[in-house]
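The values are calculated or read from the model by the stated rules, or taken from the named source; none is laboratory data. All values derive from a computational prediction rather than experimental measurement. Here Cβ is always computed from backbone atoms with ideal geometry, including for glycine, and neighbour counts include all displayed protein chains. Protein only, heavy atoms only, side chains kept; ligands, DNA and RNA dropped before computing areas. Shrake-Rupley method; radii C 1.70, N 1.55, O 1.52, S 1.80 Å.
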Amino acid sequence: MNSVLTLKDSDLITAGQTRQVYQHPEYENLCVKVLFPKKSKKAQRRECRYYRSLQRRNADFSMVAQMREVVNTNRGQGVVFDLIKDFDGNVSRTLRHYLLKNEEPLTQLVIETIEAVKKYLYHNGIVFCDLNTSNILLQRVDEQTYRGMLVDGLAHKDFIPLCNYSVSFSRRKITRAWNRKVKSWNKKYPSLKDKISLFETE
Ligand SMILES: Nc1ncnc2c1ncn2[C@@H]1O[C@H](COP(=O)(O)OP(=O)(O)OP(=O)(O)O)[C@@H](O)[C@H]1O
Ligand SMILES: [Mg+2]
């Protein structure tokens, strides 16, 4: 019989639109994501499938919080991920958090992080369907070093999953989706306007 992980209110770290994120009760460097009641399981299933395909092709996870396992919890099925923390032990904050402060040098740091995410995704052929600024953390590795860490939004909705096998197919998808995303960020965040590079398209 599979054991059931007990999550308490006091383990809750934060929540998104669809999931609650809990500190794993047994491992301090892991978190458990549980869907809010009545939320569709579709996106989470899609995410798990895509992460497994990345794991199978031995993809570079240096800028993605790794998915570890699916577990049963007292609050429903949970997915266990690495919990991304800063060097001081605090859970890393999102790009959105830093952008809303609207102050330098933070905004410049966010811009550099987004450019690094662009290179990383393209180089590794990792596709996204929901790349918003709450799904990317700015991890403070030490006093001087920062890096972007993707914690949500990686997956695709394709029935024929060519992205799981072909980096060049994925890159074409990334190029189009990235340029659309940057245009939406330009509108949403005045401080990012025209600061993030687009991919050249043929
Ligand atoms: N692995 C992680 N390490 C640290 N913090 C995390 C991690 N995963 C998520 N978070 C935090 O929890 C928030 C919500 O998580 P997540 O984005 O996975 O939930 P969601 O409900 O699927 O999001 P959305 O609202 O984008 O659908 C994130 O914005 C981030 O602040
Ligand atoms: Mg999210």
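If you take every residue apart from Glu112 with its C-beta less than 13 Å away from the C-beta of Glu112, what net charge results, scoring Lys and Arg +1 and Asp and Glu -1?
Numbers: positive: Lys118, Lys119, Arg147, Lys195; negative: Glu104, Glu115.
Charge balance near Glu112 sits at +2.
Taking the Cβ of Arg140 as the center, what net charge do the other residues with Cβ under 13 Å away carry, scoring Lys and Arg +1 and Asp and Glu -1? It would help to have the intermediate numbers written out before the result.
Values: positive: Lys85, Arg93, Arg147; negative: Asp86, Asp88, Asp142, Glu143.
For residues surrounding Arg140, the net value is -1.
Skip the ligands, DNA and RNA, and give the accessible area per residue of the stretch 93-154 with a 1.4 Å probe, whole Å².
Details: 2840 Å² over 62 residues.
Value returned for the stretch 93-154: 46 Å² of accessible area per residue.
How big is the dipole moment of the chain about its Cα centre under a simple scheme where the beta carbon of each Lys and Arg is +1, that of each Asp and Glu is -1, and everything else is neutral? Debye, nearest 20, please. Could the numbers behind the result be given before it?
Working: 35 positive and 22 negative charges, 250 e Å.
Dipole size: approximately 1200 debye.
Need the full-extension length gain, Thr175 to Asp86, defined as separation in residues times 0.36 nm minus the C-alpha distance. One decimal, nm. List each step's numbers first, then the result.
Numbers: separation 89, 0.36 × 89 = 32.04 nm, distance 3.03 nm.
Length gained, Thr175 through Asp86: 29.0 nm.
What value in Å³ per residue do you get for the convex hull of the alpha-carbon atoms in the chain? Numbers along the way, then the final one.
Details: hull volume 28.4 nm³, N = 202.
So the per-residue Cα hull volume is 141 Å³.
Going from the alpha-carbon gyration tensor of the stretch 58-153, what semi-axes, largest first and in whole Å, does one get by taking the root of 5 times each eigenvalue?
Working: eigenvalues 112, 57, 33 Å².
Square roots of five times the eigenvalues give 24, 17, 13 Å.
For the pair Glu104 and Lys119, how long in nm is the line joining their label points, each one 7 Å along Cα→Cβ?
2.2
So what's the net charge close to Tyr22: Lys and Arg +1, Asp and Glu -1, counting the other residues with Cβ under 13 Å from its Cβ?
Working: positive: Lys8, Arg19, Lys33, Arg75; negative: Asp9, Asp11, Glu26, Glu28.
Here the charged neighbours net out to 0.
For n ≥ 4 DSSP H runs only, could you compute -39500 (n - 2.57) per run for the chain, divide by its residues and tell me the 222 nm figure to the nearest 500? If you can, show how the numbers build up before the last one.
Details: 4 runs with 63 residues, N = 202.
Estimated from H runs of four or more residues: -10500 deg cm²/dmol.
Quick one: pull the percent of accessible area on the stretch 93-192 belonging to carbon and sulfur, 1.4 Å probe, ligands and nucleic acids left out.
52
Let me know the charge dipole size of the stretch 4-82 about its Cα centre in debye, to the nearest 20, where only the beta-carbon of Lys, Arg (+1) and Asp, Glu (-1) is charged.
Values: 15 positive and 8 negative charges, 140 e Å.
Once rounded to the nearest 20, the dipole reads 680 debye.
Which Cα, out of Gln66, Asn164, Tyr120, lies furthest along the positive dipole direction of the chain (beta carbon charges, K/R +1, D/E -1)?
Of the options given, the answer is Asn164.
If DNA, RNA and ligands are ignored and the probe is 1.4 Å, what is the ranking of Thr73, Thr201, Thr145 by accessible area, most exposed first? Write out the running numbers ahead of the final one.
Numbers: Thr73 15, Thr201 90, Thr145 60 Å².
Most to least solvent-accessible, the answer reads Thr201, Thr145, Thr73.
Test of understanding: what is the full-extension gain from Arg46 to Val70, defined as 0.36 nm times their sequence separation minus their Cα-Cα distance?
Values: separation 24, 0.36 × 24 = 8.64 nm, distance 1.32 nm.
This chain segment gains 7.3 nm when fully extended.
Apply the Karplus curve 6.51 cos²θ - 1.76 cosθ + 1.60, θ = phi - 60°, to the phi angles in the stretch 188-200 and return the couplings in whole Hz, x for Gly and Pro.
Here the 3J(HN,Hα) series is 6, 10, x, 6, 9, 3, 6, 9, 9, 6, 9, 7, 6 Hz.
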